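Here's the structure we're looking at; comments come further down.
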Amino acid sequence: MNQTRIIDQTVAALRLVREKWGALLAAVEAPPTPADWPPRETTAFLDKVAVDGPLLVEDRAPYALRAHPAPLNLDAHDAVVAVETMLFDLADTCAAVAQEHTPLDELHRWNYRTQHGPGSRAQGAHWASVYVEGRVLGEQTNGPDPLFAPLPEWALHEAHRVARQCADRVLRTLRHDERGAAGRYPCPWCAAPLTLYSASGDVQRITCSGGPECSAPARLDLDGHRVWERSDMGPLLARFAAAMESGELVTEQACAVISS
């Protein structure tokens, strides 16, 4: 795998974790219900969380420093602890090789945990993710007086490995990784196989294994597959509908995708 792809996948994984972090924290604090626990899908029970005002994630201490009264979602709790710890340790690793000459009073510096305090860990997993992303992208490494050194190749690979693990853990916990073959029909753009990802019986995501060579108007996911989230499946479903109308695609599976 070339370095550009490693960087792109690492950044995408880190951003996915930040995007889903609030939902994961909310899942921890969602009270269990006798009818269905643990919930099959985070979004199905977010409206049941009793809070006094909005959920202000940015004002909280790091998760590991907080206590949560029972009842709580233990799967989400364990995922938050694990992901936060992995991001903190990864930020420590990146800082060890990239900021030897960074001024101690530099705001963008990552400060280690000591016996006197948590250092930059006090700013939470979001800041750890942003810091690592900056090191992976090589930000502030150029110019006459750079603040950071570029990451060596081994550290870049370590960031890639850990970021992917974090993203996978978050998606698994939020139940966005339940997959099934999308029938025998191919992608309507490149004819590669499609995969459906569902939660609570509803299709949440569809991916095409055709990769960057697929001409579909959709972004690439962490594995280099074209991906349609539930909110942006319009172009894919329209393409299916046109193929069905022309007689190119007439299967029960296709009808199920359109109706879902």
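Structure summary
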{"read-out": "Index of the failed condition, A159 passing every other in (1) within 25 Å of Q99 (Cα to Cα); (2) open to solvent by less than 20 Å² (accessible area, probe 1.4 Å); (3) modelled with pLDDT under 85", "value": "(3)"}
{"read-out": "Any chance P150 is open to solvent by 70 Å² or more (accessible area, probe 1.4 Å) and either without any contact (Cβ under 8 Å) to a residue 12 or more places away in the chain or not in a loop (DSSP other than H, G, I, E, B) (or both)", "value": "no"}
{"read-out": "For P144: the one exception among (1) touching a helix residue (DSSP H, G or I) at 6+ places or on another chain (Cβ under 7 Å); (2) free of Cβ contacts under 8 Å to residues at least 60 places away in the same chain; (3) open to solvent by 10 Å² or more (accessible area, probe 1.4 Å)", "value": "(1)"}
{"read-out": "Sole residue being within 24 Å of the chain's Cα centre (by Cα), surrounded by 18 or more Cβ atoms within 10 Å (Cβ to Cβ), at pLDDT below 95 and closer than 21 Å to A12 by Cα, chosen from V132, V80", "value": "V80"}
{"read-out": "Scan of region 148-164 for residues that are out of contact with any His (no Cβ under 8 Å at 6 or more places or on another chain) and of a type in the set (A, V, I, L, M), ordered by number", "value": "L151, A155, L156, A159, V162, A163"}
{"read-out": "Unmet criterion (only one of (1) open to solvent by less than 60 Å² (accessible area, probe 1.4 Å); (2) of a type outside the set (D, E); (3) modelled with pLDDT of 90 or more; (4) outside any helix (DSSP H, G or I)) for G53", "value": "(3)"}
{"read-out": "Single residue of E106, E133 found to be outside any strand (DSSP E or B), farther than 26 Å from R5 by Cα and touching a Leu at 6+ places or on another chain (Cβ under 8 Å)", "value": "E106"}
{"read-out": "R184, sole failed condition from (1) in a strand (DSSP E or B); (2) at pLDDT 85 or above", "value": "(2)"}
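The values are calculated or read from the model by the stated rules, or taken from the named source; none is laboratory data. No experiment lies behind these values; they were computed from the predicted model shown. Cβ coordinates were reconstructed from backbone atoms using ideal geometry, including for glycine residues, and neighbour counts include every protein chain displayed. Areas reflect the complete protein model, heavy atoms only, side chains present, ligands, DNA and RNA absent. Shrake-Rupley method; radii C 1.70, N 1.55, O 1.52, S 1.80 Å.
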